1. On a C-alpha basis, how far is the centre of the range 193-224 from the centre of the range 89-136 in Å? Whole number, if you could?
2. What does DSSP give for the chain in terms of the percent of beta bridges that are antiparallel, rounded to the nearest 5?
3. Report the relative contact order of the range 152-192, percent, no decimals, based on alpha-carbon pairs under 8 angstrom and at least 6 residues apart.
4. Eigenvalues of the Cα gyration tensor times 5, then square-rooted: what semi-axes does that give for the range 158-200, in whole angstrom, largest first?
5. Would you mind classifying the range 62-147 by shape? Square roots of the alpha carbon gyration tensor eigenvalues, ordered a ≥ b ≥ c; an a/c under 1.5 is rounded, otherwise it is prolate if a/b is larger than b/c and oblate if not.
6. Dividing the alpha-carbon radius of gyration of the chain by 2.2 N^0.38 Å (N being the number of residues), what value is obtained?
7. Picking from Met197, Tyr124, Ser136, whose Cα lies most toward the positive end of the charge dipole for the range 90-198 (charges on Cβ: Lys, Arg +1; Asp, Glu -1)?
8. For the chain, what does the accessible surface come to per residue with a 1.4 Å probe? Please give it in Å².
Amino acid sequence: MEIIWFGGSCVRLKGREGVVAADPFRSIVGPTGRGITADVVTYGHTDDVEVGSRAGKASKAEVRSYQLGVPVPTSIEKAFVLDSPGEYEIHDILATGVRTFRDAERGRVRGMGTSFVFELDGIYVAHLGDVGHALSQDTISEFGHVDILCLGIGPQLSAVHAVEIISQLDANLVVPMPLSDAAEAPEGELARFLKEMSVADPQPVSKLNVTISTVPKETAVVLLEQRGRS
C-alpha cells in the first residue's frame with residue numbers, strides 16, 4: 001500500500017485492491033482534483049474553508065456527497081462517496097464509518113464528524129481527520145483492529161490527546177497530519193506531538209509504502225511531505 005498526504009486531513013491510500021481518497025476537499029486538491037483518482041472517497045466533515053464562500057455554493061452540474069453536501073472534485077466524481085457512519089463494502093475495499101466529534105464537547109462547538117477504518121490489502125488503516133477528543137470505550141470497540149493511524153494534529157486535538165488516541169487504538173504505524181500552519185510551526189502541536197512520541201530527528205518522506213509484513217511490531221511515526229506544496 002502507498003500512502004500520500006496532500007495537506008490538511010487529505011490522504012490517498014493506494015493498494016492492489018483499490019484506491020481510497022480521504023477528505024479530498026477542493027480547498028486542498030482544487031476543483032479539478034489535480035488528477036487524483038480513487039475508487040472510494042470519504043469525507044469526515046464539511047470543508048471549513050468552503051463553508052460560506054463563493055466556492056461553497058452549489059451549482060447544478062457539480063457532484064456533492066450525500067449527507068454533508070461536500071462538493072467532489074471532478075477527477076473523482078465517479079468514485080463511491082461515503083460521508084456518514086456505517087459499514088460498507090465497495091469492490092474489495094471494506095470501510096467502517098465511526099461517529100466522532102470535532103471538539104471535546106461532543107460536537108456542541110464544531111459539530112459531529114465521521115472517522116473511517118479501511119481494510120485494504122489486508123492492512124487496517126484508520127483515518128481520524130478532524131477529531132477533538134480522546135475516544136470512549138464504545139468508540140474504540142467500533143474501530144476494532146488498527147495497523148496504521150492517519151491522525152489530524154491541532155488545532156482541536158492536542159499532542160497529549162493524540163498520543164492517548166494512539167494508545168487507545170494500539171496502532172503500530174502513525175501518520176500525523178498537521179491541520180493548520182500553527183500546528184506545523186516549530187513550536188506547534190506537531191512538534192509537541194513528535195516530542196511526546198520520542199521522535200528526535202524526523203525526516204519527512206514523499207510517500208509511505210507498506211505491506212502487511214512490513215508493519216512494525218512497535219509503534220512508529222512516519223512524517224510525510226505534503227504533495228504539491230511549492
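The values are calculated or read from the model by the stated rules, or taken from the named source; none is laboratory data. On a predicted model such as this, the values are computed, not experimentally measured, just so you know. Backbone-built Cβ (ideal geometry, glycine too); neighbour counts: all protein chains shown. The area values use the complete protein model at the heavy-atom level, side chains included, leaving out ligands, DNA and RNA. Shrake-Rupley method; radii C 1.70, N 1.55, O 1.52, S 1.80 Å.
1. 21 Å
2. If I count the DSSP bridges inside the chain, around 60 percent turn out antiparallel.
3. It rounds to 51 percent for the range 152-192.
4. Each semi-axis is the square root of five times an eigenvalue, giving 18, 10, 9 Å.
5. Values: a/c = 2.44, a/b = 1.16, b/c = 2.11.
Verdict is oblate for the range 62-147.
6. 0.94
7. Positive-end residue among those listed: Ser136.
8. Here the residues of the chain average 48 Å² of exposed surface.
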